[in-house]
Amino acid sequence: MKRSLFLFIVIFILSTGTALAKVVSQPLAYTHDGVSLEGFLAFDDAVSGKMPGILVVHEWWGLNDYVRGRAEKLAGMGYVAFAVDMYGKGKSTEHPDQASAWMKEINANMDQWLKRAMAGLEVLKKQPQVDTKRLAAIGYCFGGATVQVLAYGGADLKGVVSFHGSLIPASAEQAERTQAKILICHGAADPFNKPDLLATYVTAMNASSIDWQLVAYGGARHGFTNPAANKHGMAALAYNPSADRHSWQQMTYFFNEVLSGM
């Protein structure tokens, strides 16, 4: 009798899902400076109360399934994740020339670059599930540079994490505005961030008041977190499962600290 009752309860829970976590995800339209944008929101609707919010910024390819998957992974960890659209609705590609052109349209103007990223952050803040006192951002490649720009622009973020992003040294003025702690997850064999650029970055950041850290993964090239990196036929790009796994763990530890609410 007891065994039958137990099985009934288990079947009921599984069929209704009332006690199970469920990640809800959906596209979310918004605009900036007259441009139609479409981000991607993900959260666990089984969590009660406010949750920390994480802005996710895509690679130079645009907002694609890879970034949506990362947002959903964050949602499964108890965050509200919003993958921002930096280019425009439907703009994603697998062609490097097109990706480079779109990226340059944005990062050629630092002020507009910051404002486009801030527009996405405002969308995240408006979500009713979000604890606006516990916000952070992560980004990949172009997105890694973007979250640094957000931090230097004074965004009210507790922390930002750059995965294989360009290294942007902070000026004295930028450092003064920065509220966020910074984690750089860097591929030690990334040909886009050569040793001289790394040295310049470290020197500038050591001279600043920013709370920052850099973790370098031996042998990891650009794009080391993306399983599809190798298919583009670019020698500079390569997926590195170990660096991907360890950098995600490093991000997790970082967020446990900066978003603890303490």
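Given (1) at positive phi; (2) in contact with a helix residue (DSSP H, G or I) (Cβ under 8 Å, 6 or more places away or on another chain), where does CYS141 come up short, assuming only one miss?
Single failed check for CYS141: (2).
Only one of ALA46, ALA108 is exposed (fewer than 15 other Cβ atoms within 10 Å of the Cβ) and at pLDDT below 95. Can you tell me which?
Within the list ALA46, ALA108, the selection yields ALA46.
In region 186-214, how many are more than 27 Å from PRO96 (Cβ to Cβ) and under 19 Å from the mean Cα position of the chain (by Cα)?
Within region 186-214, residues that are more than 27 Å from PRO96 (Cβ to Cβ) and under 19 Å from the mean Cα position of the chain (by Cα) number 3.
Which residues, taken from region 149-167, are out of contact with any Phe, Trp or Tyr (no Cβ under 6 Å at 6 or more places or on another chain), assigned to a loop (DSSP other than H, G, I, E, B) and of a type in the set (A, V, I, L, M, F, W, C)?
Listed by number, the residues that qualify are ALA155, LEU157.
Checking the structure you have, find out if any residue of region 82-97 is touching a residue at least 12 places away in the same chain (Cβ under 8 Å), part of a helix (DSSP H, G or I) and open to solvent by 20 Å² or more (accessible area, probe 1.4 Å).
Within region 82-97 (the criterion being touching a residue at least 12 places away in the same chain (Cβ under 8 Å), part of a helix (DSSP H, G or I) and open to solvent by 20 Å² or more (accessible area, probe 1.4 Å)), the answer is yes, since at least one residue qualifies.
Condition first: under 20 Å from ASP211 (Cβ atoms) and either without any contact (Cβ under 8 Å) to a residue 40 or more places away in the chain or assigned to a loop (DSSP other than H, G, I, E, B) (or both). Now tell me which residues in region 117-148 satisfy that.
Once the filter is applied, which keeps residues that are under 20 Å from ASP211 (Cβ atoms) and either without any contact (Cβ under 8 Å) to a residue 40 or more places away in the chain or assigned to a loop (DSSP other than H, G, I, E, B) (or both), region 117-148 yields ALA145, GLN148.
Which one is nearest to GLY144 (Cα to Cα) among residues in region 18-68 that are touching an Asp or Glu at 6+ places or on another chain (Cβ under 9 Å) and in a loop (DSSP other than H, G, I, E, B)?
HIS58
Just the residues that are assigned to a strand (DSSP E or B), of a type outside the set (Phe, Trp, Tyr) and either open to solvent by 50 Å² or more (accessible area, probe 1.4 Å) or without any contact (Cβ under 8 Å) to a residue 60 or more places away in the chain (or both), please, taken from region 194-227.
Result: GLN213, LEU214, VAL215, ALA216.
Only one residue in TYR79, TYR152 is within 28 Å of PRO191 (Cβ to Cβ) and surrounded by 21 or more Cβ atoms within 10 Å (Cβ to Cβ). Which one?
On inspection, the qualifying residue turns out to be TYR152.
Any idea how many residues of region 203-262 are basic (Lys, Arg) and at pLDDT 95 or above?
The qualifying residues number 2.
The values are calculated or read from the model by the stated rules, or taken from the named source; none is laboratory data. In this text the structure is predicted, and so the values were computed from the model without any measurement. Quick reminder, even Gly has a Cβ in these numbers, built from the backbone with ideal geometry, and neighbours come from all protein chains shown. Keep in mind that these areas ignore ligands, DNA and RNA; they rest on the heavy atoms of the full protein, side chains included. Shrake-Rupley method; radii C 1.70, N 1.55, O 1.52, S 1.80 Å.
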